[in-house]
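To keep things clear, I will list the structure first and then write my remarks on it.
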Amino acid sequence: MMIASCHCSNISLQTEQLPATVTACNCSICSRLGALWAYFQPSDVIVSHKLKAPASYMWGDKDIAFHHCPLCGCSTHYTTTEKCDSQRLAINARMFSSELLEDISIRNFDGARSWKYID
């Protein structure tokens, strides 16, 4: 079981395995968050909290809800909303231990302009 958690360990996300790649997006929010997204089906991830449930933020077309810990502020994951055609849960891979990420390739996605992978 792979476990990602926020800085204060209030929020944890569990999955059976890590993907082969993670995505760095340059859109207006992802570039500010500094997140590396690991993509999953929602049914493949268990999201839990100890003291306070994740808070969320949506903007623009409201297709994605970005979740963060209300205690330490870490952006832990995002989920697609019912407005979106596909269901996805993306874990901010920076919430995993650095040892787990050593062998994972980073793909760069141009979410700011072309909406395509650029590597």
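Each reported figure results from applying straightforward, stated rules to the coordinates on display, with no laboratory input. Here the structure is a predicted model, which is why all the values come from computation and not from measurement. Cβ sites come from the backbone with ideal geometry, for glycine too, and all protein chains shown count toward neighbours.
Given the conditions (1) without any contact (Cβ under 8 Å) to a residue 60 or more places away in the chain; (2) surrounded by fewer than 12 Cβ atoms within 10 Å (Cβ to Cβ); (3) under 20 Å from LEU100 (Cβ atoms), and given that ARG32 satisfies all but one, which numbered condition is not satisfied? Of the numbered conditions (1) without any contact (Cβ under 8 Å) to a residue 60 or more places away in the chain; (2) surrounded by fewer than 12 Cβ atoms within 10 Å (Cβ to Cβ); (3) under 20 Å from LEU100 (Cβ atoms), the odd one out for ARG32 is (3). Criterion applied to SER105, SER98 was being in contact (Cβ under 8 Å) with a residue 24 or more places away in the chain and out of contact with any Gly (no Cβ under 7 Å at 6 or more places or on another chain), and the one residue passing it is SER105. Residues of region 35-60 that are over 18 Å from THR81 (Cβ atoms) and surrounded by fewer than 16 Cβ atoms within 10 Å (Cβ to Cβ): ASP44, ILE46, SER48, LYS50, LEU51, LYS52. Scanning region 32-91 for residues that are in contact with a Leu (Cβ under 7 Å, 6 or more places away or on another chain), of a type in the set (A, V, I, L, M) and more than 13 Å from LEU13 (Cα to Cα) gives LEU51, LEU71. So HIS77 ticks every box in (1) surrounded by fewer than 16 Cβ atoms within 10 Å (Cβ to Cβ); (2) closer than 30 Å to SER114 by Cα; (3) under 14 Å from the mean Cα position of the chain (by Cα) but one. Which box is left unticked? The failed condition is (1). Hey, can you tell me all the residues within region 42-66 that are touching a strand residue (DSSP E or B) at 6+ places or on another chain (Cβ under 7 Å) and either in contact (Cβ under 8 Å) with a residue 24 or more places away in the chain or of a type in the set (Lys, Arg) (or both)? Selection gives PRO42, ASP44, VAL45, ILE46, VAL47, SER48, HIS49, PRO54, PHE66.
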